[in-house]
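I have placed the structure first, in the form of C-alpha cells, so that the comments after it can refer back to it.
Each value in this text was obtained by applying a stated rule to the coordinates, not by laboratory testing. Remember, it's a predicted structure, so these values are computed and weren't measured experimentally. Positions of Cβ are backbone-derived with ideal geometry, glycine not excepted, and every protein chain shown enters the neighbour counts.
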Amino acid sequence: MLYGFDRILEVAIHEFVKSNGASSTNPYHNAQHAFRVATCISSSFLPKIARQNVMLAGLFHDWRHPGGFGVATTDQENVERAAQKVLTLGAPYDTWNLEYVADLIRATVFPMSPEKMQKLDENMRILRDADVWHAAFLNEQDWLTMNMGLAQEAGQPLGKWLMGNTKFLAGYEALSFWGKFVMEEHQDRLVSQAKLWGNRLS
C-alpha cells in the first residue's frame, strides 16, 4: 500500500499529480480532496478488483476541476472531463475496464435525480458516499480546514457555510452499505461539530 493506495495505483497517482494542473491548489476541489476520497475507499470492504476500480475513479473524479460550484462550468461538464481523462490512461490500466471506471466517475455528479440514483450499482454508491463522508476520517483541524475551502469556493462566510452543512449532513441518506456503516459511526459527531463551529463563527 502507498499512502493507503493499492500499489498498482502508484502510476495513476503520478499521472494525476503531473496532469491535474492548477486544480491541485483549489481551496477544496484539489489534489488533497482527490486523495482523501480515494484512500477512504480502502475501508469499504470491497473485493480487490472492485476496490481498485473505485479508488482509481475516486482519484480522478474531480480531475482539473475549475473550483467553485457550477460557476465556471456545470458539474456535469466537470465529471465528464474527468471521465474522459481516465479513458486515456495507459499501462498498467489499459487492461482494466476503464469504461466502467469512467461510469463510476459519472456517478459522482451533483445533483442527481432519485430515478438515476436508483440505477447506481453498489460501487457507484460507495464512491458517491465517499465524496461526502471522507470527512469522517479527518481530525477536527483538518475537517475545519476542509470546510474553509468549501466555504471559499461557495463564496460564503465560514459560519454560514457550516450552518448549511449541518442541515446537509443531518439530512444525508447514505446510498451504500459502507456509507451507512460510516454514517452510523460518525454522523452525529460531524453534525454536532458543524453546528458548534457554525454557531461560534456566525
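Miscellaneous remarks
- Single residue of the stretch 175-200 satisfying the filter (within 20 Å of Q141 (Cβ to Cβ) and basic (K, R)) that is nearest to the chain's Cα centre (by Cα): R189
- Within the stretch 51-70, being aromatic (F, W, Y) and part of a helix (DSSP H, G or I) holds for one residue alone: F60.
- Against the criterion of being in contact with a His (Cβ under 8 Å, 6 or more places away or on another chain) and outside any loop (DSSP other than H, G, I, E, B), A12 does not qualify.
- Restricting the stretch 154-188 to residues that are part of a helix (DSSP H, G or I) and among the aliphatic types (A, V, I, L, M), the residue that is surrounded by the fewest Cβ atoms within 10 Å (Cβ to Cβ) is A170.
- Residue check, A151 without any contact (Cβ under 8 Å) to a residue 60 or more places away in the chain, touching a Phe, Trp or Tyr at 6+ places or on another chain (Cβ under 8 Å), aliphatic (A, V, I, L, M) and crowded, with 21+ Cβ neighbours inside 10 Å: yes
- Number of residues in the stretch 107-134 that are under 12 Å from the mean Cα position of the chain (by Cα) and free of Cβ contacts under 8 Å to residues at least 60 places away in the same chain equals 9.
- Test result for A34, without any contact (Cβ under 8 Å) to a residue 40 or more places away in the chain and either touching a helix residue (DSSP H, G or I) at 6+ places or on another chain (Cβ under 8 Å) or closer than 21 Å to A102 by Cβ (or both): yes
- In the stretch 17-50, the residues that are over 15 Å from the mean Cα position of the chain (by Cα) and not in a loop (DSSP other than H, G, I, E, B): V17, K18, S19, G21, A22, T25, K48, I49, A50
- Candidate set: the stretch 1-40, residues that are among the β-branched types (V, I, T) and within 28 Å of L158 (Cα to Cα); chosen: the one surrounded by the most Cβ atoms within 10 Å (Cβ to Cβ): V37
- The requirement of being touching a helix residue (DSSP H, G or I) at 6+ places or on another chain (Cβ under 7 Å) and within 22 Å of W178 (Cα to Cα) is satisfied by R51.
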